[in-house]
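Undergrad: Let me give you the structure first, and then I'll get to my questions.
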Amino acid sequence: MCGSLHDISGSRKKMRALQFERFGNFNDVLRVAEVDVPVPRAGEVLVKVLAASVNPSDAKNILGRMEGTTLPRIPGRDFAGIVVDGPTKMIGTEIWGSGGDIGFTRDGAHAEYIVIPQESVATKPAHLNMVEAAAVGTNYITAYLGLIETAKVRANEWVMVTGATGGVGSSVIQLAKWKQARVIAVVRTKPNDDFNRRYGIDSVIDSSTEDIVARVKETTDGAGANLTFDCVGGPLFEKCLNSLGQLGRQINITSVGDRRVTFDLPDFYHRQLTLHGVDSRSLDTTKCARILNLLAPAFDSGILTPPQIAFTSKLANAVDAYQKVDNGSAHGKVVLSIENG
């Protein structure tokens, strides 16, 4: 590490970290604590965290709505920073990272330092600054896992995306266009023309005023979508299935509102549809690093761009940041700027 892990008295060096010891409301359970800087073991590296985003899953974790979390815990899945302890060849490397384990079963990135396996080190694209890199993780990993690895999207296919202006939805759109697919974006309120031009969207459907299924059939000349990536679930689940053409595939990653859904089973099997559930929490830091390494060249070339940043926040103001992510008032990614307090 740059400097010793111990001060002159022999005590361990301290760091600031967001921590919770029980589940509950953010104001009640989240606090910035002074804790020991973690010491990397064999096969691990110590990373100085410079930026870390706040995901909806991070907020649900604090509220006790995620499974498998062990306490006490430092939250935070997505980060960007610099390796400061580990193999000599890695020290000084600017990296980005994510993981379904960190923040849940091992301490996460909402702290000044984090320890990760050496195999989890993924070099940050030079084209992105630390804040931008910290905003990519969970959104793009979920989109990649569903669209490319699970559904295996192909060129010229019609891909319908619900929640299209959200973090995962906008990432799905960019990956679909990267793979030369055609995109139908489903939104609650039509975005401005800049959004459409930025992502090259082929068609936009306003779910509050338009019939989704009819508009998809109209756009695809009656064939229906080849693939639907449902970032909403709940009330849009069956509409997504009904928008699919023969042999269509559907990806689901969440459910807003009612957890239970219904659909016409004979229609489902007669059209030979496929339904996939995708959970990026199943990927640890090493598996996430593999996907980030695959995406890095496209970010460096400018083909892919990071999600829109709503605002950055100091670690000291993390409770407010968590509240805004949880209540949906932050339009874009919220990123904690760890190096700035």
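Undergrad: Looking at residue 21, is it among the acidic types (Asp, Glu), surrounded by fewer than 17 Cβ atoms within 10 Å (Cβ to Cβ) and either touching a residue at least 24 places away in the same chain (Cβ under 8 Å) or under 28 Å from residue 324 (Cβ atoms) (or both)?
TA: Yes, satisfied.
Undergrad: Can you work out which of the residues in the stretch 183-225 that are among the basic types (Lys, Arg) and more than 17 Å from residue 166 (Cβ to Cβ) is nearest to the chain's Cα centre (by Cα)?
TA: Among residues in the stretch 183-225 that are among the basic types (Lys, Arg) and more than 17 Å from residue 166 (Cβ to Cβ), the one nearest to the chain's Cα centre (by Cα) is 197.
Undergrad: Looking at the stretch 3-35, which of the residues that are more than 24 Å from the chain's Cα centre (by Cα) and β-branched (Val, Ile, Thr) is modelled with the highest pLDDT?
TA: 35
Undergrad: Using beta carbons and a limit of 7 Å, which pairs, at least six apart or on different chains, have the first residue in the stretch 230-253 and surrounded by 19 or more Cβ atoms within 10 Å (Cβ to Cβ) and the second one among the aromatic types (Phe, Trp, Tyr) and in a strand (DSSP E or B)?
TA: Filtered contacts from the stretch 230-253: 251/229.
Undergrad: Here is a follow-up. Can you tell me which residue is farthest from residue 157 (Cα to Cα) among those in the stretch 204-242 that are of a type in the set (S, T, N, Q) and modelled with pLDDT of 95 or more?
TA: Per the stated criteria, the residue is 242.
Undergrad: Being in the same structural domain as residue 266 (by TED's automatic domain parsing), part of a loop (DSSP other than H, G, I, E, B) and of a type in the set (Lys, Arg), is that true of even one residue in the stretch 154-162?
TA: Scanning the stretch 154-162, I find at least one residue that is in the same structural domain as residue 266 (by TED's automatic domain parsing), part of a loop (DSSP other than H, G, I, E, B) and of a type in the set (Lys, Arg), so the answer is yes.
Undergrad: So which pairs qualify, if the first residue must be in the stretch 299-318 and touching a residue at least 12 places away in the same chain (Cβ under 8 Å) and of a type in the set (Val, Ile, Thr), the second must be surrounded by 21 or more Cβ atoms within 10 Å (Cβ to Cβ) and in a loop (DSSP other than H, G, I, E, B), the Cβ gap must be under 7 Å, and the two must be at least 6 apart or on different chains?
TA: 309/135
Undergrad: Now for a different question. Tell me, please, whether a residue that is modelled with pLDDT of 95 or more, assigned to a strand (DSSP E or B), touching an Asp or Glu at 6+ places or on another chain (Cβ under 7 Å) and among the aliphatic types (A, V, I, L, M) can be found in the stretch 176-188.
TA: yes
Undergrad: Could you list all residues from the stretch 70-111 that are closer than 15 Å to residue 280 by Cα and in a loop (DSSP other than H, G, I, E, B)?
TA: Within the stretch 70-111, 76, 77, 78, 98, 99, 100, 101, 103, 104, 105 meet the criteria.
Undergrad: Within the stretch 98-119, work out how many residues are under 15 Å from residue 338 (Cα atoms) and in contact (Cβ under 8 Å) with a residue 60 or more places away in the chain.
TA: 6
Undergrad: Only one of 147, 128 is touching a Phe, Trp or Tyr at 6+ places or on another chain (Cβ under 9 Å), in contact (Cβ under 8 Å) with a residue 12 or more places away in the chain, in the same structural domain as residue 205 (by TED's automatic domain parsing) and not hydroxyl-bearing (Ser, Thr, Tyr). Can you tell me which?
TA: It is 147.
Undergrad: Taking the residues in the stretch 268-322 that are of a type outside the set (Asp, Glu) and touching an Asp or Glu at 6+ places or on another chain (Cβ under 6 Å) as candidates, determine which candidate is farthest from residue 138 (Cα to Cα).
TA: 286
Undergrad: On to the next question. Is it true that residue 330 is farther than 16 Å from residue 51 by Cα and in contact with a helix residue (DSSP H, G or I) (Cβ under 6 Å, 6 or more places away or on another chain)?
TA: It is true that residue 330 is farther than 16 Å from residue 51 by Cα and in contact with a helix residue (DSSP H, G or I) (Cβ under 6 Å, 6 or more places away or on another chain).
The values are calculated or read from the model by the stated rules, or taken from the named source; none is laboratory data. All values reported here derive from a predicted model rather than from experimental measurement. No Cβ is skipped: glycine too gets one built from the backbone with ideal geometry, and neighbour counts run over all protein chains shown.
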